[in-house]
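J.: Take a look at the following structure, please.
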């Protein structure tokens, strides 16, 4: 039987209501798992005695609510983690960097506030690389966050700790952030579900173009449960979408009749590994067998646009580094510092043109996909790489953002996008696919993801069944 730390939201909720298991027992099981795995995975930025005590208190309060028959909702007593850059009142925000000047927030971010209101038990905050500017778990402040599945491999990034915590069994829900792939990349390299919500769906303390917060989980249903709790309008976020009553249930989903675009070439950046392209085609055939209309579409991202996005982010990062005292700047991870320094030479006109290119990518993505209900693609062009590498190609900052060709268009367009695990390659590395939907259709994306999750499991469990012809 699965240990308590590996149970889903629904399993825990049912056991709590039946008084078969208590939130205190589950919190203890998660704490035991953290103590066992953390020396290897290094997923947590904060597991201080104060936070441990607060988690124990929250679990005990949840236990009392269930004893009195008055839980506050589906996440009551559910262990969660949150990425270090989601503000907690009075706790320094360090941006994952030994060179950053910590900022102490006066109040909880909307995500933290909503998780607490839902009765969730915050068991830790998770690591990230310097300013979240890497797709790995390499940080000048926290060291290296590794895959719990294979410690020689990366956990991905920048939501590195969130991914490692999810894959390692630190509870069912882990909230990360994403501006170009930082939820979806760890998910695909760790065999997880990673949902990047629509821009503005989950309110933030510090909104920025393309930036979102969303869940990394082991199942689509758990991701949907997390979204039900953390989404919704908040006036502190000037990008937040209007309040909406959404039904986040994903059970019994169907893809019949959906128009699905199959994107096998990003159009720019690193070439896609043929094995990952083949996995995406398998997913397309599964959806076709489920009644979807699937057709291949051409890419719209260009090398010039991807270069412009990278250049804009270099300039943005240099603006943060340039104001640091020299000793602090030297403490920043060398890769990030060298990558950002290229932005110091940009002119105002170049900066504006790069920004306009990002807006043009937003328009192009919406235009290219508006005829379809979903876009199915690889998440990344490559599989998990060595944990010590800052990026999929090693430590050369000149390569920029060559690995986010499939993810960044949907970040810039604000469309919902979900990484769904598809199994393992022959070498044992996890692989997933990306499902991206129409603007604001998070529910539709998650339901399609749940259908694909079930179809893949059905095929794997019944090789003589209806999916036997799928490679």
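J.: Evaluate the following for residue 313: is it in contact with a helix residue (DSSP H, G or I) (Cβ under 6 Å, 6 or more places away or on another chain) and either in a helix (DSSP H, G or I) or not assigned by TED's automatic domain parsing to the domain that holds residue 95 (or both)?
T.: So residue 313 fails the test.
J.: If you check residue 261 against the conditions, is it over 22 Å from residue 116 (Cβ atoms) and in a loop (DSSP other than H, G, I, E, B)? Spell out the reasoning first.
T.: Numbers: over 22 Å from residue 116 (Cβ atoms): yes; in a loop (DSSP other than H, G, I, E, B): no.
In short, no.
J.: To continue, here is another question. Answer yes or no: is there a residue in segment 368-375 that is part of a helix (DSSP H, G or I) and in the same structural domain as residue 283 (by TED's automatic domain parsing).
T.: yes
J.: Let me ask something additional. Any idea how many residues of segment 94-105 are over 17 Å from residue 47 (Cβ atoms) and within 22 Å of the chain's Cα centre (by Cα)?
T.: First, pick out the residues of segment 94-105 that are over 17 Å from residue 47 (Cβ atoms): 95, 97-105.
Filter once more, so that each one left must be within 22 Å of the chain's Cα centre (by Cα): 95, 97.
Matching residues across segment 94-105 total 2.
J.: If you take the residues in segment 198-244 that are within 14 Å of the chain's Cα centre (by Cα) and in a loop (DSSP other than H, G, I, E, B), which one is surrounded by the most Cβ atoms within 10 Å (Cβ to Cβ)?
T.: That would be 202.
J.: Residue 149 - would you say it is under 22 Å from residue 417 (Cα atoms), assigned to a loop (DSSP other than H, G, I, E, B), outside the structural domain of residue 398 (by TED's automatic domain parsing) and modelled with pLDDT of 95 or more? Spell out the reasoning first.
T.: Working: under 22 Å from residue 417 (Cα atoms): no; assigned to a loop (DSSP other than H, G, I, E, B): yes; outside the structural domain of residue 398 (by TED's automatic domain parsing): yes; modelled with pLDDT of 95 or more: yes.
When the stated conditions are applied, residue 149 does not pass them.
J.: Across segment 172-197, what is the number of residues that are assigned to a loop (DSSP other than H, G, I, E, B) and either crowded, with 24+ Cβ neighbours inside 10 Å or not assigned by TED's automatic domain parsing to the domain that holds residue 84 (or both)?
T.: Start the filter on segment 172-197 by keeping residues that are assigned to a loop (DSSP other than H, G, I, E, B), which leaves 172, 179-183, 191-192, 197.
Checking which are either crowded, with 24+ Cβ neighbours inside 10 Å or not assigned by TED's automatic domain parsing to the domain that holds residue 84 (or both) leaves us with 172, 180-183, 192, 197.
Residues in segment 172-197 being assigned to a loop (DSSP other than H, G, I, E, B) and either crowded, with 24+ Cβ neighbours inside 10 Å or not assigned by TED's automatic domain parsing to the domain that holds residue 84 (or both): 7 in total.
J.: Let me ask you something else. Pull up segment 62-90, narrow it to residues that are surrounded by fewer than 21 Cβ atoms within 10 Å (Cβ to Cβ) and closer than 30 Å to residue 329 by Cα, then point me to the one that is nearest to the chain's Cα centre (by Cα).
T.: Only one residue fits best here, namely 89.
J.: For residue 34, indicate whether it is closer than 17 Å to residue 127 by Cβ, crowded, with 18+ Cβ neighbours inside 10 Å, assigned by TED's automatic domain parsing to the domain that holds residue 216 and modelled with pLDDT of 95 or more.
T.: Working: closer than 17 Å to residue 127 by Cβ: yes; crowded, with 18+ Cβ neighbours inside 10 Å: yes; assigned by TED's automatic domain parsing to the domain that holds residue 216: yes; modelled with pLDDT of 95 or more: yes.
So residue 34 fits the description; yes.
J.: Which number in (1) more than 14 Å from the chain's Cα centre (by Cα); (2) surrounded by 24 or more Cβ atoms within 10 Å (Cβ to Cβ) marks the one condition that residue 108 misses?
T.: All conditions are met except number (2).
J.: Among (1) in contact with a strand residue (DSSP E or B) (Cβ under 6 Å, 6 or more places away or on another chain); (2) at positive phi, which single condition is residue 132 missing?
T.: That leaves (1) as the condition not met.
The values are calculated or read from the model by the stated rules, or taken from the named source; none is laboratory data. Since this is a predicted model, take the numbers as computed values, not measurements. Cβ atoms come from the backbone with ideal geometry, glycine included; neighbour counts cover every protein chain shown.
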